[in-house]
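See below for the structure under consideration.
None of the figures in this text is laboratory data; all of them are computed from the coordinates on show. All figures in this text were calculated on a predicted structure; none of them were measured in a lab. Note: ideal-geometry Cβ built from the backbone for every residue, glycine included; neighbour counts use all protein chains shown.
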Amino acid sequence: MPKSVAIIGGGPAGLMAAEHLAGKGHRVTVYDAMPTVGRKFLLAGKSGLNITHAEDYARFVTRYGAANDRLRPVLDLMTPEAIRVWAAGLGTETFIGTSGRVFPKVMKASPLLRAWLKRLEGMGVTILTRHRWTGFDGGALIFDTPEGQKQITSDATLLALGGASWPKLGSDAAWVPLLEAEGIGIAPLRPANCGFDCDFSESFDTRFSGQPVKSVKASSAAGTTQGEFVISRRGIEGSLIYAHSAALRDGLDRDGQAALILDLAPGRTEEKLAADLARQDRKASFSTRLKKAANLDGVKVALLREVHPEANQLDANGLSSLIKALPLPVKRPRPIAEAISTAGGVALAAIDADFMLKKRPGTFVSGEMLDWEAPTGGYLLTACFATGIAAANGIDRWLQASKA
């Protein structure tokens, strides 16, 4: 008789595990608290669904910080190239963007998700929505459902409930106290790939909130990257900020302060910039001199003055130094509910090599519930897919061993 597997959470990790377990002949049921599965997956698809990244694989596998060593063999189970092949098998062709990010040619997630769910249905996977997991009762799983509370038993269970970002889509971290009650180690959940408050003045905020700051280099403990970001309500957000969010967040955790160093004119050397500034007519306005000498637009000039109110009094050398290395202080990360992803979760020391909870044999964990983080750029989805497969393989080994 086929063994039964309960997968709690219908996101990328849970659905990928369901596909692999059904392919191995197991009877799989996916339970999800929301009315439909894959809601955060679909939200990511609104901006094109960055499904993975095409950079050199040796570099790719270093993007997971402290979890690099643990995830390295797991990522081999679902490499970026394998993801592209998998998507093509579902009728979704992909392409590599100029940044190396990989997207579906249709630039949305819904066709891929529909085809995936159809495949799972054909493999015999059952999906039950509006089933909110509320804990364990011995070896049984307890769910709140539209028909009332239910107790479900299975031969193995996979928890794939996500982190704490975008709770309205289902990732609300309600599982944290349930697992803590079982004595399972949980690293505190923190925002990742998030914006930051900068406590800008009301006048700056009113005038520039929502405006992009383009062609900028940013440096932090995470290194130096070039791109753009957006002035948000009293703060900053966008892809360039997300690349540094872990370093900035951790800097705040340690010291209570962190600074992002901005190069507002990345195409010019400091010496050339100083020379160009020195040639400007001192009678001209500050913004005019910066426009002619450094090609800085209004938001960059305003940002310069917001951070350093007396910038217009600096000489050419001092001003060029400030333009090339503007220390933008950040005060705090935005709330975790606004973050793209989360850091923290089930401690990697709490699971064995097969992603099974050491304190609950037969219960496995995958995806963003685990204590790892990665930058945006397809790294998050790739690891969710890969850990789903790793947990599925672990479950299969567990079930095979239980037959013996």
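Summary of packing: across the peptides 162-175, 379-392, the per-residue average of other C-beta atoms within 10 Å ranks them, highest first, as 379-392, 162-175. Remark: the residue 98-residue 182 segment gains 25.6 nm on full extension, using 0.36 nm per residue and subtracting the alpha carbon distance. In straight-distance terms, cross-link reach from residue 359 covers every one of the aspartates and glutamates whose alpha-carbon lies under 20 Å from its own, apart from those fewer than eight places away in the same chain; here that gives 137, 155, 180, 182, 368, 371, 396.
For the residue pairs 24/168; 40/403; 46/358; 40/118; 46/118, the alpha carbons lie more than 30 Å apart in 24/168; 40/403; 46/358.
State the Cα centre-to-centre distance between the range 225-242 and the range 35-84 in whole Å. Comparing the Cα centres of the range 225-242 and the range 35-84, I get a distance of 22 Å. Of the residues 10, 241, 86, the one whose Cα sits farthest toward the positive end of the charge dipole of the chain, with +1 on the Cβ of Lys and Arg and -1 on the Cβ of Asp and Glu, is 86.
Over the chain, DSSP H runs of length four or greater, each weighted -39,500 (n - 2.57), average out per residue to a 222 nm ellipticity of -10500 deg cm²/dmol.
Remark: C-alpha extents of the chain on the principal axes read 87, 42, 38 Å, sorted largest to smallest. Sorted fewest first by neighbouring Cβ atoms within 10 angstrom, 369, 78 come out as 78, 369. A simple rule links phi to the HN-Hα coupling: the Karplus curve 6.51 cos²θ - 1.76 cosθ + 1.60 with θ = phi - 60°, which for the range 142-152 gives 9, 10, 8, 10, x, 8, x, 6, 10, 10, 10 Hz, with x for Gly and Pro.
Net charge in the neighbourhood of residue 215 (other residues with Cβ under 10 Å of its Cβ; Lys, Arg +1, Asp, Glu -1) is 0. For residue 343, neighbours were defined as the other residues whose beta-carbon sits under 10 Å from its Cβ, and their charges (Lys and Arg +1, Asp and Glu -1) total -2.
Near residue 269, once Lys and Arg are set to +1 and Asp and Glu to -1 for all other residues with Cβ below 12 Å from its Cβ, the sum equals -1.
Taking amide H positions as modeled 1.01 Å from N, with prolines and chain starts lacking one, the residues under 5 Å from residue 158 and 5 or more places away or on another chain are 6, 7, 8, 364. Taking other C-beta atoms within 10 angstrom as a stand-in for reagent exposure, 63, 27, 282 fall in the order 282, 27, 63, fewest first. Separation of the range 125-196 from the range 257-298 is 52 Å, based on Cα centroids.
In summary, the lysines within cross-link reach of residue 217, defined as a Cα separation below 24 angstrom excluding same-chain residues under 8 places away, comprise 272, 291, 292, 300, 324, 331. Across the range 353-365, coupling constants 3J(HN,Hα) worked out from phi with the 6.51/-1.76/1.60 Karplus curve, θ = phi - 60°, read 5, 9, 6, 9, 5, 5, 8, 9, x, x, 10, 10, 9 Hz, and Gly and Pro carry x. Site pair residue 147 and residue 43 shows an inter-label distance of 3.0 nm when each label is modelled 7 Å from Cα along Cα→Cβ.
To the nearest ten degrees, helix 80-89 and the longest principal axis of the Cα atoms of the chain are 60 degrees apart. Annotation: amide H of residue 268 has no partner in the under-5 Å range at sequence separation 5 or more or interchain, hydrogens built in the peptide plane.
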